[in-house]
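Read through the structure below, which is laid out as structure tokens, and then see the notes.
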Amino acid sequence: MTRGAAAAVCRYLGSRLGQALIALFGVTTAVFFALRLSGDPAQLLAPQGASQADIAALRHQLGLDDPVWRQYLHYLGDLLHGNLGYSYVQHEPALTLITQRIPYTVNLALSALVLSAVLGIGAGMIMALNRGRWPERVLTPVVLIGQAMPAFWTGILLILVFSVTFKILPSTGFSGFDSLILPAVTLASLSAATIARITRGAVLEQLDRDYIRTARAKGAGTARLVTRHLARNVSIPILTVLALEIANLLGGSVVTELIFAWPGIGQLTVQSVDGRDFPLVQAIVILAAVVYIVVNFVTDIAYAVLDPRVTTTGKAAGA
Amino acid sequence: MRIPRILRIAAVAGTAVAALAACSTAPTGGPTATTGSTDASLTADLASYPASLDPGLQYDTDSYSVYRNIFDQLLHRDPKTNKIVPWLATTWKQTDPKTWVFTLRDGVKFSDGSALTAADAAFSIQRILDPKLASQQNANFSAIASATGSGNTLTITTKYPSPTLLSYLTTLSVVPMADVQKAGNAAFNLHPVGSGPYTFVSSIPGSQVVLKRNDAWWGPKPQIAGVTFRAVPSGASRVADLKSGKADIADSMTPDSATQLTGSANLKVLSAPTERVSYLAFNTIKGGATNDPKVRQAISMAIDYKSLISNLEQGYAKPVNSVLTPLATGYPTALPGYTFDKAKAKSLIQQAGAQGKTIVMATSPTYDPQIVQSIQANIQDIGLKVSIQNTDQATYLKKVQSPTHDWGSIRFGQWSCSCLDADGVAYPLFHTGTIWSSYSNPSFDALVDKARETITPATRTGLYAQAYGILAQDLPGIGLFQIDAIYGASTKLQWTPDAQQSFFVADMKLGS
């Protein structure tokens with residue numbers, strides 16, 4: 001790589017990092033003020049029979065009676081020290097509460113991602129390569145159904161079939177690998193359908209191109225055509241969808257986690273928003289923002305690796 | 001040699017799957033080994049993970065259900081009679097109107113082996129009262145001025161004579177002072193040490209808490225050797241857990257899900273009337289049409305109470321004659337209750353000149369929309385218009401508890417003071433100036449204030465009879481029904497739920 005190209009890459013990465021930090025600052029500020037507009041946690045936390053004075057005392061203990069700007073400065077100061085605050089409801093550091101849940105969400109998200117990538121890309125390829133023939137006619141309705149079924153319905157259906165009727169898989173909770181199967185399938189069914197549609201579209205677009213005709217003319221079989229010629233050219237749109245799905249899945253799937261009583265970030269999010277547990281909500285939102293930013297950053301780099309045109313034109317993806 | 005890309009991708013995917021299978025997360029905490037007893041182990045589904053396992057902090061039902069098995073309480077309520085009976089305190093006496101002296105049981109040990117003394121009991125109260133802990137239970141014990149312990153004698157002084165002190169002390173779990181101070185509050189919350197019938201084994205935060213029988217417990221040996229509390233937020237999933245045999249008992253069932261269970265041969269529904277009461281409260285200060293007592297009386301005759309109980313609650317509710325349940329001390333037994341009389345209600349509305357007027361009903365998603373809507377329909381039947389304003393719970397509370405009283409005309413709510421006492425309803429809901437009250441009547445206030453500081457039970461009951469008599473006249477609120485706690489359970493489980501919704505596993509038995 002020439003010195004000029006290296007400098008371009010550095011400039012590119014630097015500007016992406018700068019944008020990431022600005023986005024993160026925007027998110028931390030937005031979540032802080034949005035929460036302050038959403039109601040008083042002290043009223044929710046106090047016992048039913050509490051007096052006005054009890055509630056005022058609780059508000060004072062939580063520091064919610066300070067002017068908002070002072071609360072905000074305090075919060076930013078804590079953030080700079082890596083302190084995400086202390087849960088009002090659970091009386092534990094917000095960071096501890098989140099890190100306890102991360103392994104479960106990551107476990108579920110990655111399993112669902114692998115499942116949906118394999119099924120989605122596979123189905124999309126088969127549909128595109130067999131355009132108008134029976135494999136496409138069989139798969140199209142399957143993909144449509146996958147796209148149309150909401151997680152709360154798929155989840156309960158799977159539980160009724162595999163746990164209540166056949167009793168072969170656990171219904172809820174976390175108890176090792178077998179308890180991962182139903183939630184992962186539920187979560188994967190939606191993503192797989194999306195990925196299949198995008199893959200089909202991307203492949204179809206390429207199939208009409210000259211290089212494919214040339215490759216076919218040279219006698220390349222379907223397997224060689226897909227691996228040597230198509231894969232790299234369809235990878236950019238698929239990667240874009242995959243990146244979005246990763247970020248979504250890592251943010252915690254609220255519905256799937258609630259149905260399967262899966263102890264991940266999604267469940268924690270619902271509880272903390274319900275209880276107006278400000279520090280915990282802030283911490284979760286910041287974490288989700290970091291995940292999105294990191295995934296986007298990695299995706300941008302992956303674009304450059306897969307398609308050198310993205311880096312040589314430099315700002316194309318970054319600007 | 002170049003490895004084909006597809007193979008490399010396959011290899012990466014394979015590694016990822018293997019890694020996933022391997023990284024099954026182990027529960028935090030100690031070993032999950034059971035006691036080696038052949039006795040049964042119970043799995044219980046709760047609606048959410050306990051907000052806290054430290055009994056000095058939260059006191060919501062799911063937290064109570066778990067930690068009250070780990071700790072002993074100072075006093076206890078007999079589940080059959082609801083009378084206060086000895087527990088950690090064996091005897092108690094009142095030495096003057098504001099001083100109570102308790103004698104604690106000898107030989108009680110925490111599960112770490114240290115002895116439980118009166119100093120631990122005093123500490124358990126002091127830390128709840130300490131503003132630094134920011135305990136949500138603070139308001140329940142705010143009548144207490146001081147608590148001191150020496151040897152096995154605990155002395156509590158109150159700020160004023162407090163007839164409900166003993167009631168609240170049945171909910172006081174005693175924690176080991178030395179351990180809490182050494183471990184710190186945050187660590188104690190994760191590894192609670194108590195003296196109760198069960199001890200903490202392990203937890204997966206957000207998912208489950210495992211307890212095992214404390215064989216050194218001073219009480220009779222519980223039949224159930226271990227219990228796993230699981231947090232299953234979806235009601236449909238709790239039903240599925242019961243049906244698939246994953247859970248032996250599930251809490252927080254709705255009347256609809258209970259009827260679903262009655263069809264299964266190996267499942268049953270357990271229910272018990274609780275002290276929770278469904279009610280309507282009026283804005284009598286800035287409620288518009290509902291400022292007029294005639295309109296409130298008309299609405300009290302417009303509600304089809306029987307239909308609410310039989311159709312919406314599927315019979316899992318009982319009628320009441322005031323905003324209080326018969327379980328509470330001070331329940332006004334002499335009151336006639338409410339009647340459903342649409343014709344008379346219509347004529348009252350006409351007398352009041354309120355026909356066609358719009359009243360605003362404030363509610364939040366916390367409250368059953370079916371009940372809110374059927375009440376709306378009932379009231380519209382007698383010639384008023386009802387506009388429902390549904391906001392999230394935090395906004396609802398802000399509105400309703402605002403001292404400006406401009407939240408609307410009528411609201412539906414459910415009330416439980418966890419104290420089984422008339423004071424826990426009359427004072428916070430209807431006394432002038434309290435956060436929930438949009439009603440003001442000096443003679444009612446005087447009666448409630450006096451009863452608050454009256455110890456003699458007969459005198460208190462007399463005062464509440466008068467106070468609730470005033471409420472029956474003025475109707476700042478209407479009691480709709482007493483709510484049942486509903487559990488779904490395996491037929492193998494023998495247990496009678498009680499009015500306090502206390503989930504004492506020591507009272508349960510599991511057959512084979």
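FRET efficiency for the pair A:Thr140 and B:Asp78, taken as 1/(1 + (r/R0)^6) with r the Cβ-Cβ distance and R0 = 51 Å, rounds to 0.15. Quick one: helix B:457-474 against the long Cα principal axis of chain B, what's the angle to the nearest 10°, folded into 0 to 90? Between the helix axis and the principal axis of chain B, the angle is about 60 degrees.
Suppose every K and R has +1 on its Cβ and every D and E has -1 on its Cβ; what is the size of the dipole of the protein assembly as shown about the Cα centre, in Debye to the nearest 20? Each step should come with its number before you reach the end.
Details: 65 positive and 53 negative charges, 576 e Å.
With Lys and Arg at +1 and Asp and Glu at -1, about 2760 debye.
Can you bin the range B:241-356 into rounded, prolate or oblate? Criterion: square roots of the alpha carbon gyration tensor eigenvalues sorted a ≥ b ≥ c, rounded for a/c under 1.5, prolate for a/b above b/c, oblate for the rest. Because a/c hits 1.5 or more and a/b exceeds b/c, the range B:241-356 counts as prolate. Working from Cα pairs under 8 Å separated by at least six residues, relative contact order for chain A is 27 percent. Shielding value for A:257-266 is 5, the average number of Cβ atoms from other chains within 10 Å of each residue's Cβ. Taking the Cα centre of each part, how many Å lie between the range B:91-163 and the range B:464-485? Going from one Cα centre to the other spans 33 Å. Going from the chain on its own to the full set of protein chains, the range A:168-187 has these residues losing 20 Å² or more of accessible surface (heavy atoms, 1.4 Å probe, no ligands, DNA or RNA): A:Ser171, A:Thr172, A:Phe174, A:Phe177.
Other protein chain C-beta atoms within 10 Å of residue C-beta, averaged over B:424-430: 2. On a 0 to 90° scale, report how tilted helix B:369-380 is relative to the longest principal axis of chain B, with both axes built from alpha carbons and the result rounded to the nearest 10. So the helix axis and the longest Cα principal axis differ by about 10 degrees. Our summary gives chain B a relative contact order of 19 percent, counting only alpha carbon pairs under 8 angstrom and 6 or more residues apart. Shielding value for B:42-51 is 3, the average number of Cβ atoms from other chains within 10 Å of each residue's Cβ. Surface composition of the protein assembly as shown: carbon plus sulfur atoms contribute 61% of the solvent-accessible area (1.4 Å probe, protein chains only, all chains present). Of all aspartates and glutamates in the structure, the ones whose alpha carbon falls short of 19 Å from that of B:Lys450, not counting any fewer than 8 places away in one chain, are B:Asp96, B:Asp421, B:Asp423.
Projecting the Cα atoms of B:Ala231, B:Val209, B:Thr259 onto the charge dipole of the range B:202-266, computed from C-beta unit charges around the Cα centre, puts B:Val209 farthest toward the positive end. Relative to the first principal axis of the alpha-carbon coordinates of chain B, what is the inclination of helix B:293-302, with its axis defined by its Cα atoms, in degrees from 0 to 90 and to the nearest 10? Between helix and principal axis, roughly 60 degrees. When exposed loop sites are taken as trypsin sites (Lys or Arg not before Pro) in a DSSP loop with at most 10 other Cβ atoms within 10 Å, the longest stretch of chain B clear of them is B:84-512. Loop exposure criterion: trypsin sites (Lys or Arg not before Pro), DSSP state outside H, G, I, E and B, at most 13 other Cβ atoms within 10 Å. Applied to chain A, the longest stretch between such sites is A:1-130. In this view, the solvent-accessible surface of A:Cys10, computed with a 1.4 Å probe and all protein chains in place, comes to about 90 Å². Helices assigned as whole DSSP H runs in chain A whose Cα atoms extend at least 24 Å along their own long axis and whose mean Kyte-Doolittle hydropathy is -1.0 or higher are found at A:3-36, A:94-129, A:178-207, A:231-250, A:278-306. The residues of the range A:104-133 listed by number as losing at least 40 Å² of accessible area in the complex, against the isolated chain and with a 1.4 Å probe, are A:Tyr104, A:Asn107, A:Val114.
With the cut-off at 1.5 for a/c, could you classify chain B from its C-alpha gyration tensor as rounded, prolate or oblate?
Values: a/c = 1.99, a/b = 1.29, b/c = 1.54.
Oblate, because a/c is 1.5 or more while a/b does not exceed b/c.
Computed on protein heavy atoms with a 1.4 Å probe, the accessible areas place A:Phe177, B:Phe141 in the order A:Phe177, B:Phe141, largest first.
Taking R0 as 56 Å, what FRET efficiency do you get between A:Thr214 and B:Thr395 from their Cβ-Cβ distance, rounded to the nearest 0.05?
On the way: r = 65 Å, r/R0 = 1.16.
The computed FRET efficiency comes out at 0.30.
Chains B and A together bury roughly 4400 Å² of accessible area, counting both sides, with a 1.4 Å probe on protein heavy atoms only. Gain on full extension, evaluated as 0.36 nm per residue between B:Gln414 and B:Thr339 minus their Cα-Cα distance, stands at 25.0 nm. Would the range B:369-512 count as rounded, prolate or oblate if I go by the C-alpha gyration tensor, calling it rounded below 1.5 in a/c and otherwise prolate when a/b exceeds b/c, oblate otherwise? Oblate, since a/c reaches 1.5 and b/c is not below a/b. Candidate cross-link partners of B:Lys93 among the lysines, defined by an alpha-carbon separation under 18 Å and a same-chain spacing of 8 or more, comprise B:Lys83, B:Lys159.
With every protein chain present, what is the per residue accessible area of the range A:189-319 (1.4 Å probe, Å²)? Don't skip to the end; give the middle numbers.
Numbers: 5820 Å² over 131 residues.
About 44 Å² of surface per residue is accessible.
Inter-label distance, B:Asp304 to B:Ala377: 0.7 nm, where each label sits 7 Å from its Cα along the C-beta direction. Using a simple spin-label model with pseudo-atoms 7 Å out from Cα toward Cβ, B:His191 and B:Ala265 lie 4.8 nm apart.
Taking the Cα centre as origin and putting +1 on Lys and Arg beta-carbons and -1 on Asp and Glu beta-carbons, what dipole magnitude results for the range A:207-319, to the nearest 20 debye?
On the way: 10 positive and 8 negative charges, 182 e Å.
Roughly 880 debye for the range A:207-319.
Hey, rough spin-label estimate for B:Thr90 and B:Ser440, points 7 angstrom out along Cα→Cβ, what's it come to in nanometres? With each label point 7 Å from Cα toward Cβ, the separation is 5.3 nm.
Given a Förster distance of 35 angstrom, what is the FRET efficiency for B:Lys318 paired with B:Ser402, based on the Cβ-Cβ distance and rounded to 0.05?
Values: r = 33 Å, r/R0 = 0.94.
That pair, B:Lys318 with B:Ser402, gives E of 0.60.
Here's the picture: a label point sits 7 Å out from the Cα of A:Ala23 along the beta-carbon direction, and within the range A:234-276 the residues with their amide nitrogen under 15 Å of it are A:240-251. Cross-link check: pairs B:Lys268/B:Lys306; B:Lys318/B:Lys399; B:Lys98/B:Lys182; B:Lys132/B:Lys221 evaluated at a Cα-Cα cut-off of 27 Å; pairs beyond the cut-off: B:Lys318/B:Lys399; B:Lys98/B:Lys182; B:Lys132/B:Lys221. Note: relative contact order over the range B:110-249, using C-alpha pairs below 8 Å and six or more positions apart, is 18 percent.
The values are calculated or read from the model by the stated rules, or taken from the named source; none is laboratory data. Since we're looking at a predicted model, the values are computed, not measured. Backbone-built Cβ (ideal geometry, glycine too); neighbour counts: all protein chains shown. For accessibility, only protein heavy atoms count, side chains too; no ligands or nucleic acids. Shrake-Rupley method; radii C 1.70, N 1.55, O 1.52, S 1.80 Å.
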